[in-house]
Each structure stands twice: as structure tokens, then as C-alpha cells.
1. Per-residue counts of other Cβ atoms within 10 Å, averaged by peptide: what ranking do you get for 109-115, 33-39, 125-131, highest first?
2. Starting from the Cα coordinates of region 32-130, work out the convex hull volume and express it per residue in Å³.
3. Less than 12 Å from a label point 7 Å out along the Cα-to-Cβ axis of Met33: which backbone N atoms in region 53-77 qualify, by residue?
4. Show me, for region 110-120, the HN-Hα J-couplings you get by feeding each phi into the Karplus relation (A = 6.51, B = -1.76, C = 1.60, θ = phi - 60°), rounded to Hz, glycine and proline as x.
5. For region 68-83, take each phi angle, set θ = phi - 60°, evaluate the Karplus expression 6.51 cos²θ - 1.76 cosθ + 1.60, and give the result in whole Hz per residue in order, putting x for glycine and proline.
6. Of the cross-linked pairs Lys32/Lys117; Lys69/Lys98; Lys43/Lys98; Lys53/Lys122; Lys52/Lys122, which ones have a Cα-Cα span greater than 25 Å in the structure shown?
7. How far, in nm, would the chain grow between Ala111 and Cys89 when pulled straight, counting 0.36 nm per residue and subtracting the alpha carbon separation?
Amino acid sequence: MKKLILPLLITLFMATLSMHVSAQRKSTPSDKMLRHVVLFKFKDTSSADEIKKVEEGFRALAGKISVIKDFEWGINNSPENLNQGLTHCFFVTFKSEKDRDDYLVHADHQAFVEVLKPHLEKVTVIDYWAGK
């Protein structure tokens, strides 16, 4: 009986290890999404209508550029006062770095940048891989 316990424990350990490795393989970068976070501070001279046109232009990109997998945006409302004047956050999701790179040079994105430029005082962009 004792001779069977050690091989049984080793087999159990190996099976558990194999399942763990298999689960890790399923969580490869292909399961992750590339997040593109864009934060804007607009010029004080830009009107509310001009800023609204920028918001609408950015939102419209999700329907024009197929490599965008998800999109959301919002206006800062943090009570911490740590936003350094950045007021608008746009959150764009891609499946790959190639998709993000294609988005950056896409004609519709470039046209949007031209609408944005006259009103932009400051921008911060951060891209990162996010797993689910």
C-alpha cells in the first residue's frame, strides 16, 4: 500500500501542474486587449460648442474605424484635484498593437486630429495590455 501512495501523489501533483500550465497558456496576449487611454486639456479660449464637436468627433471614430473593439469616454469629476487640468478621458480598445497602429494613421483618425488641434492645450496618452 505504501508503495502505491508515493506514485499516486506524484501523479496527482503532475496532473495539477499540467492543468495550471494549460490555464496559463489560455491567458496569452491573444486573450488580452490593448487599451489606449487619451486625456485632454482644452484651451481656455475653446467654447463649449467647440469642445462638444471634438467629443462628437472622437466618439464617431468607433463607428468609422473597424479595428476599434470598444470605446468609452467621460469628463473628469474626481474630487482629488489631481487631474492637472486634464478634463476629458477617451478609452479605446484594440485587439493588437497592429490594430492600434493602423488606427493612428487611419484617414478618419487623422481628420479628427485636425478638428482637435486648434483646441488642444495638453494631451496625455497611455497604452497598456489588459487581461480579463
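1. Working: 109-115: 13.9, 33-39: 17.1, 125-131: 10.0.
For the peptides 109-115, 33-39, 125-131, the packing ranking is 33-39, 109-115, 125-131.
2. Details: hull volume 9.6 nm³, N = 99.
Here the figure is 97 Å³ per residue.
3. What the label zone holds, given the 12 Å backbone N cut-off, is 68-73.
4. 4, 5, 4, 4, 5, 5, 6, 3, x, 10, 8
5. My calculation for region 68-83 gives 6, 8, 7, 8, 8, 7, x, 10, 4, 9, 5, x, 6, 6, 10, 7 Hz in order.
6. Working: Lys32/Lys117 32 Å; Lys69/Lys98 13 Å; Lys43/Lys98 32 Å; Lys53/Lys122 17 Å; Lys52/Lys122 17 Å.
Listed pairs above 25 Å: Lys32/Lys117; Lys43/Lys98.
7. On the way: separation 22, 0.36 × 22 = 7.92 nm, distance 1.93 nm.
So the chain would gain 6.0 nm between Ala111 and Cys89.
Values quoted throughout were computed directly from the atomic coordinates according to the rules given, and no laboratory measurement underlies them. Here the structure is a predicted model, which is why all the values come from computation and not from measurement. Neighbour counts run over all protein chains shown; Cβ positions are idealised from the backbone, glycine included.
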